[in-house]
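Quick notes on the structure that follows.
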Amino acid sequence: MTEQISPETFAHLVELAALDLDADQAEYLRGELNHQLKAISELAAIPLDEDVPLSSHGVLYTPEISPELRKDDWKPYANPAEIIAQAPESDQGYIIVPDIPHTTLE
Amino acid sequence: MELCDLSAFEIGQLLREKRASAAEVLDSALERIQAVDGRAGVLEPGEEQAEDKQRVHAFITLTAERARQKAAEVDRQLAAGEELGPLAGVPVTVKDIFCVAGTPSTAASRILANFTAPYTATPVARMEAAGAIMVGKVNLDEFTYGSSNESSAFQPSPRNPWDTSRVPGGSSGGSAASVAAGEAVLSLGTDTAGSVRQPAAFCGVVGVKPTYGRVSRFGLIAFGSSLDCPGPVARTVRDAALMLKVIAGADPNDSTAAAAAVPDYLAGLEDGVRGLRIGLSPDYFKITFPDPRTGEYTQQPLPAEIEAAVRKAAAQLAGLGVEIIEDVPMPNTRYGIPVYFVVSRVEAASNLHRYDGVKYGYRTNDPVKDLTELYRKSRMQGFGPQPKLRILMGMYVSAAQYSAQYYKRALKVRTLIRRDFDQAFDPHGKYRLDALLTPTTPTSAFPMGAVYGDSVLMQYADQLTVPANHAGIPGISVPGGLDADGLPIGIQLLGPDFSEATLLRIGRSFEQATEGEEWRKARPMVLR
């Protein structure tokens, strides 16, 4: 039986993902996710030996093709002001954001 | 035929022989853009305009001023007798998933619509250092999530120059459409599940997915970090080889860019294919689709016209001295899309966490009570439905209680997919193939609106291209004919790691052998 994402699980995922969906969007997306899970369930029946390794990527990175990592020397960036200026709100080199949520402890 | 319709190679010759200037070549491209492109994609497109349906809409940002400056520089070098770079004076477009300093680099998303990149991606920098003239940033599916370009937040989205009622393919839809329509000679795209090869097939041009790590990803806005491959789109195989030579190679800014030497892809391009072993697999002549009634996944044969084009290509290659090996088993091909639904979504979710409205990009203007609400509203308003789907699926299948069942299992099946290729290409194995010949896509270009909205059906457009992304191996798509509706059919060649030179050589031989065929005389609708 295909796993189904319930509205509760979906709401939890939405919170984890730092999104905020209205009811219509939520239903449409939840439906598409469950539709996709059906495709994913094709994987369940594949016979997999215990010793099949995981591949986090395809190409085998041998020493010959792996670049040497550079020395861990920090170099100052030429124009930090340009980068900070990208922020929607900044002041004297700081990026301004609203305060974090506050919780009153018992 | 205009200057903008020439190949990069021909333009290079013209410039060096002083029969044309870079400024003239650029003018030709800009005139073509003016004639066929129509409105560029924007966030608020308003009412559809009368001519929208007949235009290509490849662009998000035209960079005419920058292009003029670069063309002037090339002409100055020419006049001063200085040596020209290998792409000098060649008009190119860049998929707007690459950061290019001083240009809007949007990923076709509202969340980066206001982002001007402070640096330039390595492959773009290399092309510009070689003298290429970037005429603009072209449209794509939002964050490269799609196979039709329709999901872009910048509308109208690109249309197929061969039939503007149809999609150009995706996610490098703007790249393939701009090259097919003569708006650029070359384009830099990316291929994560087929996003260079599939639109190349739909638009009748050449597309290369290099080996993973062959081209640096520095400056590429990330989707699937283990899958993404920047790659060339061109009208001829030689042009694709020329561009790949420029962009490939190690990069101190990308530790996954392979240190393997970059061969001269042009040397040996014309050497022919005698003695090569090219395989055909029954697993690439079947396509998987969900049954519309039952929802069950069934396999059907490939559409006859597409199979015929591949088999005809095999026969032509056999005539050139290739040994065609039939019945090569690639049994895990059918799991490519299910694995992709898991692996790519986990990587996408991770790569999209950084878009939080804090440091750059879109921040909500709504009043918010705290930082968490800032994140939620910015992401909610900034991302379209495709990024949201990918983030949510990625979080689900990697969650602690599900990851063994989904993510880890998918990574094991990825090993099996790689093994299919290892066995096919093993020089001491049963098949000892130099390449596998397959169709690129299960269909030719579908109509705008026909598939969008069904995220599974859309993803299955990539079923014949995605295995190469899981395995990391290179693949190219070259035009292989036209279907009964006059739409391009692409044929695909897949090879072992770092075998781009062989794949290009086979592609070039096929291109030469079919030079005089009727179908090569056809032109895209927008150019008739």
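A few comments on the model shown:
- The chymotrypsin sites (Phe, Trp or Tyr not before Pro) of the range A:36-105 that DSSP puts in a loop, and whose beta carbon has at most 16 other beta carbons within 10 Å, are A:Tyr61, A:Trp74, A:Tyr77.
- Percent RCO, i.e. relative contact order, over chain B, from Cα pairs under 8 Å lying at least 6 residues apart: 17 percent
- Take each residue of peptide B:383-396, count the partner chain Cβ atoms within 10 Å of its Cβ, and average: the result is 5.
- The lysines within cross-link reach of B:Lys312, meaning a Cα-to-Cα straight distance under 26 Å and a gap of 8 or more places when in the same chain, are B:Lys209, B:Lys286, B:Lys430, B:Lys521.
- In loop segments of the range B:82-140 as defined by DSSP, the GluC sites (Glu not before Pro) with at most 12 further C-beta atoms inside 10 Å of their C-beta are B:Glu82, B:Glu83.
- The label point for B:Tyr402 and the one for B:Gln49, both projected 7 Å from the Cα toward the Cβ, are 4.4 nm apart.
- Antiparallel beta bridges, as assigned by DSSP with both residues in the protein assembly as shown, represent about 75 percent of the total such bridges.
- Amide N of the range B:22-51 lying under 18 Å from the label point, which is placed 7 angstrom from the Cα of B:Ala72 along Cα→Cβ: B:22-28, B:30
- Filtered trypsin sites (Lys or Arg not before Pro), the range B:283-388: DSSP coil and at most 12 other beta carbons within 10 Å: B:Arg293, B:Arg354, B:Lys369
- Peptides B:444-454, B:186-196 ordered by average Cβ neighbours within 10 Å, highest first: B:186-196, B:444-454
- Tensor-based shape of the range B:238-300 (alpha-carbon gyration tensor, a/c under 1.5 rounded, otherwise prolate or oblate): oblate
- Seen from B:Thr192, the other residues with C-beta closer than 13 Å to its C-beta sum to a net charge of +1, counting Lys and Arg as +1 and Asp and Glu as -1.
- Expressed to the nearest 5 percent, the antiparallel share of DSSP beta bridges inside the range B:1-139 is 45 percent.
- Gyration tensor (alpha-carbon) shape descriptor, chain B, a/c threshold 1.5: rounded
- Protection proxy ranking for A:43-53, A:27-37, B:517-527, using the average of other Cβ atoms within 10 Å per residue and placing the highest first: A:27-37, B:517-527, A:43-53.
- Remark: mean inter-chain Cβ contacts per residue of B:345-357 equal 1, using a 10 Å Cβ-Cβ cutoff to other protein chain atoms.
- Reducing the range B:33-97 and the range A:4-55 to their Cα centroids gives an inter-centroid distance of 40 Å.
- Along principal axes, Cα extents of the range A:1-66, largest first, whole Å: 52, 31, 16
- DSSP finds beta bridges in chain B, and of those with both partners inside it, around 75 percent are antiparallel.
- Legend: mean number of C-beta atoms from other chains within 10 angstrom of residue C-beta atoms, peptide A:12-25, equals 6.
- Semi-axes of the equivalent ellipsoid for the protein assembly as shown, computed as √(5λ) from the eigenvalues of its C-alpha gyration tensor and ordered from largest down, come to 35, 32, 24 Å.
Each value in this text was obtained by applying a stated rule to the coordinates, not by laboratory testing. No experiment lies behind these values; they were computed from the predicted model shown. Positions of Cβ are generated from backbone atoms using ideal geometry, with glycine treated the same way; all protein chains shown enter the neighbour counts.
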